[in-house]
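The structure appears below as structure tokens.
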Amino acid sequence: MAGIGFELRKILSRDSYSSTLRAYVYAGLISSGPWVLSIISVMLIGLLSIGVVVPDKLVRQFLVTVTYLMAFSLIITGGLQLFFTRFVSDRLFERRFDMIMPNLLGILLIVTIGAGLLAFVVLGLLFDEPFIYRLLVLSNFVVLCNLWLVIIFLSGMKAYNRILLVMLGGYSLMVASAFLLRHWGMEGLLLALLIGHASLLFMFLYDILREYGSDRLIAFDFLDRRKVFLSLLATGLCYNLGIWVDKFIFWFNPATSDQVIGPLRASMLYDLPIFLAYLAIIPGMAVFLVRIETDFAEWYERLFSAIRDGETLQHIGQLKNEMTLSIRQGLQEICKVQGLTVLLLFLFAPNLLDMLGMSHYYLPLFYIDLVGVSIQVVFMALLNVFFYLDKRIVVLELCVLFVVLNTLLTLLSQYLGPTFFGYGFTVSLFCCVLFGLLRLSTALEDLEYETFMLDR
Amino acid sequence: MSRRVVVPDVPVADVCLLLEGTWPYVRGGVSSWINQMILGLPEITFSVFFIGGQREAYPRRNYEIPANVVHIEEVFLEESWSTGVTAKGTVRKGPADVLENLYRYFHHPDQPDIQVGEALLDAFAEGRIELADVLHSRAAWEVVSEGYRRHCSDPSFINYFWTLRTMQSPLLMLAAAARRMPRARSLHAISTGYAGLMGCILKRLWNCSFVLSEHGIYTKERKIDLAQAGWIAENPDEALSSSLDTGTGYIRTLWIRFFERIGLLVYGSADPVIALYDGNRQRQIKDGADPARTRVIPNGIDLQRWSEVLAARPEGIAPVVGLIGRVVPIKDVKTFIRSLRGVISAMPEAEGWIVGPEDEDADYAAECHSLVSSLGLEGKVHFLGFQRIQDILPKLGLMVLTSISEAQPLVILEAWCAGTPVVSSDVGSCRELIEGGDAEDRALGQAGEVVAIADPQATARAILELLRDPQRWKSAQAAGLARVHRYYGEALMLQRYRDLYRAATENN
Amino acid sequence: MIAKWLFSGALAFEAGSWASLMRNPSMAEGLLYCVLPHGIACGLLTVAVWGLLPRRYRSPMPWSPLFIFSLAFFIPLLGAIGVLAAVFPALYLQRRRDEQIWDSRGVPALPFRPQEQRRSPMFRDGGLQDVLHRASDPEQRLAALLATRRMPGHESIPILKLALRDPADDVRLLAYSMLDQQESRINQRIENLLKEIAEAPPARHGPLHAGLARWYWELAYLGLAQGSVLEHVLRQASEHVQLAQDSEQDPELDLLGGRIAMEQGLFEEARERLRRAERAGLDAEKVLPFQAEVAFLAGDYRAVVELLGRLPAAVRQRPPFVELARYWL
């Protein structure tokens, strides 16, 4: 998400109230757009199907299938996403534009075949559902895995408007086809999902292939160990795993879940609040994007230009202080905005749940989930700062800590009883953020020492 | 890491030679002298420590290794800071006191105390500081940034930082190499600089004698290189300013100071400190050597080999004037050619010979050729290229040296051995050679004439006087022969060094 | 032709596969009756599409066709449609990467750079030459030489030449290396230009000759060439001026040619060239001083008065003309 800073700075440079507002709205759209769109379209499909698709439990099966598809595709490709974006940005820096398309198609090839075979084995062995169902789930899985890589690639290429517009189109197509195909039951819905995601994938591919030419179709340069960072694979995996592991624990604990379709289980009491809560991070994400990608990024660039261009040590120290200040301000602002959002939602939660037809038993879990996802925004901001400072090992440590803590604390919360549900997720994030802040302050203190003395 | 220094107790050689950029890789005066020494002292065993810059600059050895060289160790300084060696470092604390001493001795503007230098040498010898300490430790960072804040007048921190690193890394590399070097009974460095510093460290380690011989003064040569060096990062404002500025920039100053301090350290450790002629000796004293330790041992020439050449000399004064040397600007061949114009106008039967390879500076050689033709000297001035000097010298009536800079040109001694008087420009030890050094030497008479630099008329006059006056010419020839036989014989030089080595090895 | 057969074959197999799918098969049946025909269909499609790809995208084997196959295979029907409608056309319709000539940037902040603290310059009566003549300390003489680094060539070179005869070794060597550096720089440029002329088409020769003329003149003007070398250099410069003017007339070149001729002592030629320069429209104040100089050297003093009189008044009041004007007019 690097080049977005430049766009935002352009908007902010006009320095008026409306332009600042515009910047935040734009940032919110960019940061949250894709997954908000996907959540909303899936929910819309669900809504459209109620009444048409009988029996009702099929709708639930559809939603749970979609959830599992998202979860597994994100976890499996998470590491590859980070790994590959770094590879691409390094090649861009070297101006090796001819390497971009072949390696993208190479990694898509590996993902397609790998995901396809994995899904084939899993669906063949663990499921007993109709063939068409299994076929559609496999195709959706493959498409989703490819889609995440393509989307992350495009954000690395700063094509945000394109992403947003195409996604709008693709998801509209998905909802429309769902409307038309819902008479075919769950298979129809899955087919609609496939149509939507596949059209997104191929529309993006069309654009990418037109933009980046080369002299060959496929290349596997990213398998060259010297050109890549293996720690990023582990980091991506752990980060995504950390986000989903508490949900898995709840899904596979017989006390808190029930079987929905095949081996797929879901937890009525746990899922709904947290997915609703995720919609509340839009303001925090907007602020995160604006502050970290503009202010912090700007001071960061100035600091490192100063170091390279031969400024005095005192000036370098001053710039570092400004950069530290910008990080602090950014984190504070995220906390403020997100805090305000959480407060508002606290107040309006009962009415919100009533509107959605959910019982008030969900309220406590909803509250704690709200706090948890807000802390997650701060966590993401911290990780982003560490990525800028190229502290890949620290990020890996934090993500591993996140997975481990989330697992342990969620298990503990299950053992302690329903009042503690949701605390596993929240408390683990809280600890990770504290630890991250500690590491950040030592990293910033030693920044000159490490830059000059250790980086060669 | 074991701090205990393990050096084999049995010395593998008598003398350890410390050489920088010379034998056995680079052809030149100093290398030939070293070769002469090793071959002339076959009863003494030598080990050699060679210090070079880049490995690729020394592809081939130009001298055969004689049997009495029992060990050769090579170190290339550029490898100490090339990125292959220093991978991403890890945090370490580092020996703060040693690093502070390092800065205090080599980079602090004030002249350091002797104790600081000695403490530093001890630290190097004992291995209390490693290359990784200098490159990656916190203590090093503290010292460098403090030094920047206090003393640096060049605003660019990164230039300063990399300059210090480039200076300090080779020192640590040398210290590590010193600990690996097999022991010898004594040490002999042929220059100050890195070779001399190596000698200081080894002396500490082996507790033996350390002799220093200097041909050219290392510090002076580096100063001149650095004054013109283009690779020193300059403050862009300075580069663009148009006001007169006598300063040389802080980075240059740092480099000059570094070499000066090394020189100081070496002069403090070495005993004796040998120069080729008294002028250089005075320069060494000025640079910090203890006068009591300094000595003059001039170069020597193999007198036996030249006696036949002298016998082959025909009677009379051949009206041939020759310049023997490479055709390069520092030999100032153009002044010689211009002076020949004056000589040939007054003495039409005279001839000029230029004997030396022309491939080192083709442009200059071409200019000399065109000068000859434009002065109308074609047919009178001949370029003979590289020739055997024993064949040429007997045929010359006079040998002329018009160089802009020399130390102690061997070619003058060779000319005298062949019975040729010499007209030379007043550079280096030439005046001492031709007119004599001390009173006893001067009593032998003038073996030619000394003229000012870049003065074709004076040169022409001196040449004509000698060629036209047989009396003067004969006495110059006699003086030359007497002088070279008494003071500049190879046997004398080798004996002096033999005595020196004996005293050094016994002094253990 | 073949492509059509392949496409039809693929379509047939795919249709068969879908037909089997509709009958709700079991796992084993599904594999045999759906997946296998589907695979064959994808295979045929791959061969067809791969054959029609642009040449460079047909390699590397076997990954290139495998990519198409995998997309079509694991995403039934939609994958094939996607490959045909998106991937295939995109590979043909690739945009050329244009050089980005314009780049938008923000307004940078005012630069502030701390200055290096410099030592105060040597204040002496009389200039650097005096220092070289009289200062007893070699360090001072060295400092005087280093100060000439910032001076323009024609002022610094006489000082450096003076220093070549200095009694101190250091001073001589520094002066020698500084002179050598200056001369080598110019000689290097001359050599580069000569090489360029050898390789360049005749149309480009004009400016190259002009450049050579200027650099040869620089050697003479700075005093880096002496005696016969000077003659040689002047001759070269004159030749190159002539060659340059053969391709294009340039009054500046005429002026240069005139100055060269004047140095060579060829006053008639100098006068002719300067007159040509004047006629071609060069500024009077550029040409007149040289014309006056030629006249003076040739001994035609009346012409000197006349030429100096023609200088515009503003110029006549400026040095160095003000003394000349006072004497002659």
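The values are calculated or read from the model by the stated rules, or taken from the named source; none is laboratory data. Note that this is a predicted model, so its numbers are computed, not measured. When we count neighbours, we look across all protein chains shown, and the Cβ atoms used for this are built from the backbone with ideal geometry, even at glycine.
Among the residues of segment B:144-158, is any of a type in the set (F, W, Y), more than 20 Å from B:M198 (Cα to Cα), free of Cβ contacts under 8 Å to residues at least 40 places away in the same chain and crowded, with 21+ Cβ neighbours inside 10 Å?
As a first pass, look at segment B:144-158 and keep what is of a type in the set (F, W, Y): B:148, B:157.
With more than 20 Å from B:M198 (Cα to Cα) added as a condition, the list becomes B:148, B:157.
Next, only the ones that are free of Cβ contacts under 8 Å to residues at least 40 places away in the same chain stay: B:148, B:157.
From what is left, the residues that are crowded, with 21+ Cβ neighbours inside 10 Å are B:157.
Scanning segment B:144-158 turns up at least one residue that is of a type in the set (F, W, Y), more than 20 Å from B:M198 (Cα to Cα), free of Cβ contacts under 8 Å to residues at least 40 places away in the same chain and crowded, with 21+ Cβ neighbours inside 10 Å.
For B:S80, indicate whether it is out of contact with any strand residue (DSSP E or B) (no Cβ under 9 Å at 6 or more places or on another chain), within 21 Å of B:E130 (Cα to Cα) and small (G, A, S). Before you say what the answer is, go through the steps one by one.
On the way: out of contact with any strand residue (DSSP E or B) (no Cβ under 9 Å at 6 or more places or on another chain): yes; within 21 Å of B:E130 (Cα to Cα): yes; small (G, A, S): yes.
Yes.
Give me the residue from segment C:149-176 that is touching a residue at least 24 places away in the same chain (Cβ under 8 Å) and within 8 Å of another protein chain (Cβ to nearest Cβ) and, out of that set, nearest to B:L226 (Cα to Cα).
If we take residues in segment C:149-176 being touching a residue at least 24 places away in the same chain (Cβ under 8 Å) and within 8 Å of another protein chain (Cβ to nearest Cβ), then C:L174 is nearest to B:L226 (Cα to Cα).
So, in segment A:52-92, how many residues would count as being within 24 Å of A:G242 (Cα to Cα), aliphatic (A, V, I, L, M) and in contact with a strand residue (DSSP E or B) (Cβ under 7 Å, 6 or more places away or on another chain)?
Within segment A:52-92, residues that are within 24 Å of A:G242 (Cα to Cα), aliphatic (A, V, I, L, M) and in contact with a strand residue (DSSP E or B) (Cβ under 7 Å, 6 or more places away or on another chain) number 1.
Which residues, counting only those in segment C:64-92, are more than 7 Å from chain A (Cβ to nearest Cβ) and either in a loop (DSSP other than H, G, I, E, B) or among the charged types (D, E, K, R) (or both)?
C:L77
I'd like the residue in segment A:183-228 that is of a type in the set (D, E) and not in a loop (DSSP other than H, G, I, E, B) and, out of all such residues, is nearest to the chain's Cα centre (by Cα).
Filtering segment A:183-228 for residues of a type in the set (D, E) gives A:187, A:207, A:211, A:215, A:221, A:224.
Next, from what is left, pick out any that are not in a loop (DSSP other than H, G, I, E, B): A:187, A:207, A:211, A:221.
Working: A:E187: 27, A:D207: 22, A:E211: 25, A:D221: 26 Å.
Here the residue is A:D207.
Quick check on segment B:454-508: of everything there that is within 30 Å of B:R295 (Cβ to Cβ) and charged (D, E, K, R), which residue is surrounded by the most Cβ atoms within 10 Å (Cβ to Cβ)?
B:R483
Quick one: what pairs do we get from segment B:380-391, first residue on the phi > 0 side of the Ramachandran plot, second in a loop (DSSP other than H, G, I, E, B), C-beta under 8 Å, 6+ apart or different chains?
Short answer, once both residue conditions are applied: B:G385/B:G356; B:G385/B:P357; B:G385/B:E358.
When only residues in segment A:298-324 that are within 35 Å of the chain's Cα centre (by Cα) and acidic (D, E) count, which is nearest to the other protein chains (Cβ to nearest Cβ)? Spell out how you get there, then give the answer.
Within segment A:298-324, the first condition is being within 35 Å of the chain's Cα centre (by Cα), and the residues that meet it are A:298-308, A:316-324.
Next, from what is left, pick out any that are acidic (D, E): A:298, A:301, A:322.
Details: A:E298: 10, A:E301: 12, A:E322: 13 Å.
Filtering segment A:298-324 for residues that are within 35 Å of the chain's Cα centre (by Cα) and acidic (D, E), the one nearest to the other protein chains (Cβ to nearest Cβ) comes out as A:E298.
Please find, among A:L325, A:L331, A:L383, A:L347, the residue that is buried (at least 21 other Cβ atoms within 10 Å of the Cβ), at pLDDT 90 or above and not acidic (D, E). Spell out the reasoning first.
On the way: A:L325 fails: buried (at least 21 other Cβ atoms within 10 Å of the Cβ); A:L383 fails: buried (at least 21 other Cβ atoms within 10 Å of the Cβ); A:L347 fails: buried (at least 21 other Cβ atoms within 10 Å of the Cβ).
Going through A:L325, A:L331, A:L383, A:L347 in turn, just one is buried (at least 21 other Cβ atoms within 10 Å of the Cβ), at pLDDT 90 or above and not acidic (D, E): A:L331.
Do the conditions hold for B:S424, that is, is it within 22 Å of B:L340 (Cα to Cα), in a loop (DSSP other than H, G, I, E, B) and not assigned by TED's automatic domain parsing to the domain that holds B:W33?
no
Run down B:Q495, B:Q471 and say which single residue is polar (S, T, N, Q) and under 25 Å from the mean Cα position of the chain (by Cα).
Details: B:Q471 fails: under 25 Å from the mean Cα position of the chain (by Cα).
One residue alone meets the criteria, B:Q495.
Kindly check whether there is at least one residue in segment B:68-81 that is at pLDDT below 90 and surrounded by fewer than 15 Cβ atoms within 10 Å (Cβ to Cβ).
no
Can you tell me which residue within segment B:440-453, out of those that are within 14 Å of chain C (Cβ to nearest Cβ) and assigned to a loop (DSSP other than H, G, I, E, B), is surrounded by the fewest Cβ atoms within 10 Å (Cβ to Cβ)? Reasoning before the result, please.
Looking only at segment B:440-453, we keep the residues that are within 14 Å of chain C (Cβ to nearest Cβ), and these are B:450-453.
Remaining after also requiring assigned to a loop (DSSP other than H, G, I, E, B): B:452-453.
Details: B:A452: 12, B:I453: 21.
Filtering segment B:440-453 for residues that are within 14 Å of chain C (Cβ to nearest Cβ) and assigned to a loop (DSSP other than H, G, I, E, B), the one surrounded by the fewest Cβ atoms within 10 Å (Cβ to Cβ) comes out as B:A452.
State whether the residues of segment A:190-198 include one that is crowded, with 21+ Cβ neighbours inside 10 Å, in contact with a Lys or Arg (Cβ under 9 Å, 6 or more places away or on another chain), under 19 Å from A:L109 (Cα atoms) and within 12 Å of another protein chain (Cβ to nearest Cβ).
Checked against the condition, which is being crowded, with 21+ Cβ neighbours inside 10 Å, in contact with a Lys or Arg (Cβ under 9 Å, 6 or more places away or on another chain), under 19 Å from A:L109 (Cα atoms) and within 12 Å of another protein chain (Cβ to nearest Cβ), segment A:190-198 yields no hits at all.
With respect to the numbered conditions (1) modelled with pLDDT of 85 or more; (2) basic (K, R); (3) farther than 30 Å from C:I159 by Cα, which one is the sole condition not fulfilled by C:R204?
Going through (1) modelled with pLDDT of 85 or more; (2) basic (K, R); (3) farther than 30 Å from C:I159 by Cα one by one, C:R204 breaks only (1).
Return the total of residues in segment A:324-359 being of a type in the set (A, V, I, L, M), touching a residue at least 40 places away in the same chain (Cβ under 8 Å) and farther than 16 Å from A:L279 by Cβ.
3
Mind checking which strands (runs of 3 or more DSSP E) fall wholly inside segment B:305-389 and carry at least 1 residues that are within 13 Å of B:A460 (Cα to Cα)?
Answer list for segment B:305-389: B:320-324, B:351-355.
Working only within segment B:317-363, note down all residues that are touching a residue at least 40 places away in the same chain (Cβ under 8 Å), of a type outside the set (V, I, T) and away from every other protein chain (no Cβ under 14 Å).
Correct list: B:A318, B:P319, B:G322, B:L323, B:G325, B:A346, B:M347, B:A350, B:W353.
Give segment B:429-457 a look and list any residue that's in contact (Cβ under 8 Å) with a residue 12 or more places away in the chain and farther than 19 Å from B:E414 by Cα, or say none. Break it down stepwise before answering.
First pass over segment B:429-457, keeping only residues in contact (Cβ under 8 Å) with a residue 12 or more places away in the chain: B:429-437, B:441, B:444-457.
Across segment B:429-457, the qualifying residues are B:V451, B:A452, B:I453, B:A454, B:D455, B:P456, B:Q457.
Can we say B:R179 is part of a helix (DSSP H, G or I) and away from every other protein chain (no Cβ under 11 Å)? It would help to see each step written out before you state the result.
On the way: part of a helix (DSSP H, G or I): yes; away from every other protein chain (no Cβ under 11 Å): yes.
Criteria met by B:R179.
Would you confirm, using the coordinates I've provided, whether B:L396 is more than 14 Å from chain C (Cβ to nearest Cβ), of a type in the set (A, V, I, L, M), surrounded by 17 or more Cβ atoms within 10 Å (Cβ to Cβ) and more than 29 Å from the chain's Cα centre (by Cα)?
Criteria met by B:L396.
Sort out which residues of segment C:1-54 are away from every other protein chain (no Cβ under 14 Å) and of a type in the set (G, A, S), and write them in order of number. Explain how you work it out, then say what you get.
To start, the set of residues in segment C:1-54 that are away from every other protein chain (no Cβ under 14 Å) comprises C:1-13, C:15-16, C:40-41, C:43-45, C:47-48.
The answer is C:A3, C:S8, C:G9, C:A10, C:A12, C:A15, C:G16, C:A41, C:G43, C:A48.
Can you find, within segment A:251-286, the residue that is modelled with the highest pLDDT among those that are among the charged types (D, E, K, R) and surrounded by 16 or more Cβ atoms within 10 Å (Cβ to Cβ)? Write out each step before concluding.
Initially, segment A:251-286 is screened for residues among the charged types (D, E, K, R), giving A:258, A:265, A:271.
Then keep just the ones that are surrounded by 16 or more Cβ atoms within 10 Å (Cβ to Cβ); that gives A:265, A:271.
Details: A:R265: 86, A:D271: 83.
In this case the residue turns out to be A:R265.
Free of Cβ contacts under 8 Å to residues at least 40 places away in the same chain and over 26 Å from A:L396 (Cβ atoms): does that describe A:P273?
Numbers: free of Cβ contacts under 8 Å to residues at least 40 places away in the same chain: no; over 26 Å from A:L396 (Cβ atoms): yes.
It is false that A:P273 is free of Cβ contacts under 8 Å to residues at least 40 places away in the same chain and over 26 Å from A:L396 (Cβ atoms).
Kindly list the number of the only condition in (1) at pLDDT below 80; (2) surrounded by fewer than 14 Cβ atoms within 10 Å (Cβ to Cβ); (3) more than 10 Å from every other protein chain (Cβ to nearest Cβ) that fails for C:S120.
Going through (1) at pLDDT below 80; (2) surrounded by fewer than 14 Cβ atoms within 10 Å (Cβ to Cβ); (3) more than 10 Å from every other protein chain (Cβ to nearest Cβ) one by one, C:S120 breaks only (3).
Could you grab the pairs with beta carbons closer than 7 Å, sequence gap of 6+ or different chains, first residue in segment A:147-169 and assigned by the TED database to the domain that holds A:F72 and in a helix (DSSP H, G or I), second one of a type in the set (D, E, K, R) and modelled with pLDDT under 85?
If the second residue must be of a type in the set (D, E, K, R) and modelled with pLDDT under 85, the pairs left are A:L154/A:R162.
(1) away from every other protein chain (no Cβ under 14 Å); (2) crowded, with 18+ Cβ neighbours inside 10 Å: which one isn't true of A:M203, the others all being true?
Only one criterion is unmet by A:M203, namely (1).
Do you know which residues across segment B:325-343 are of a type outside the set (K, R) and either outside the structural domain of B:L410 (by TED's automatic domain parsing) or touching a Gly at 6+ places or on another chain (Cβ under 6 Å) (or both)?
Residues of segment B:325-343 of a type outside the set (K, R): B:325, B:327-330, B:332-333, B:335-337, B:339-340, B:342-343.
Selection gives B:G325, B:V327, B:L340.
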